[in-house]
1. In region 10-45, what count of residues is obtained for those that are under 14 Å from E64 (Cβ atoms) and hydroxyl-bearing (S, T, Y)?
2. Would you tally the residues in region 1-43 being closer than 21 Å to T72 by Cα and over 15 Å from the mean Cα position of the chain (by Cα)?
3. Restricting the search to region 26-60, which residues are at pLDDT 90 or above and small (G, A, S)?
4. Name the residues in region 16-27 that are in contact (Cβ under 8 Å) with a residue 24 or more places away in the chain and within 20 Å of V105 (Cα to Cα), would you?
5. Hey, any hits in region 44-61 for a residue that's under 26 Å from Q117 (Cα atoms) and among the β-branched types (V, I, T)?
6. Conditions first: (1) without any contact (Cβ under 8 Å) to a residue 24 or more places away in the chain; (2) in contact with a Pro (Cβ under 7 Å, 6 or more places away or on another chain). E49 passes all but one, so which condition is the exception?
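The values are calculated or read from the model by the stated rules, or taken from the named source; none is laboratory data. Note that the coordinates shown come from a computational prediction; the quantities given were computed from them, not determined experimentally. Ideal geometry is used to build each Cβ from the backbone, glycine not excepted, and the neighbour counts take in all protein chains shown.
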Amino acid sequence: MKEQILLFHFEDETRLNAVRKALLPLHIACKVVPREEWDTPLGALVGLETAAQPDLPAEELREEVLFLCGLTSAGIQLTVAALRKAGLYIPYKASLTPTNKDWTVCQLFSEIYQEHQAMHSRQERVHTEE
């Protein structure tokens, strides 16, 4: 699989262009996934075989999601560093895994949103206890 980044819910054209510009030196293809394809399994969006999904109610994605496909650990680190250097904060990022390849972006977002909330909750408790 070739390295690529899927972008979901990037509605601000200026911000989208800034992301593309930041990632351009890395030579990683970036694809904005239109709303009509949000119910497609993530793996299928990058050409992988995926398990059939039951008909799930379509959820609305409320935040930007950056989905990294086929990148090595070094490639992921370079991507995050390039975004940080450009001053772009995208809290909801994930990499393609054997588990999430069958999920839709809304299922993925639900999972990483919960992880994000749990992480911040733990950090708040640590700071409160200090």
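1. Number satisfying all stated conditions: 1.
2. 8
3. A29, G43, A44, G47 - these are the residues of region 26-60 that are at pLDDT 90 or above and small (G, A, S).
4. Correct list: V19 only.
5. Taking every residue of region 44-61 in turn, none turns out to be under 26 Å from Q117 (Cα atoms) and among the β-branched types (V, I, T).
6. The single condition E49 does not satisfy is (2).
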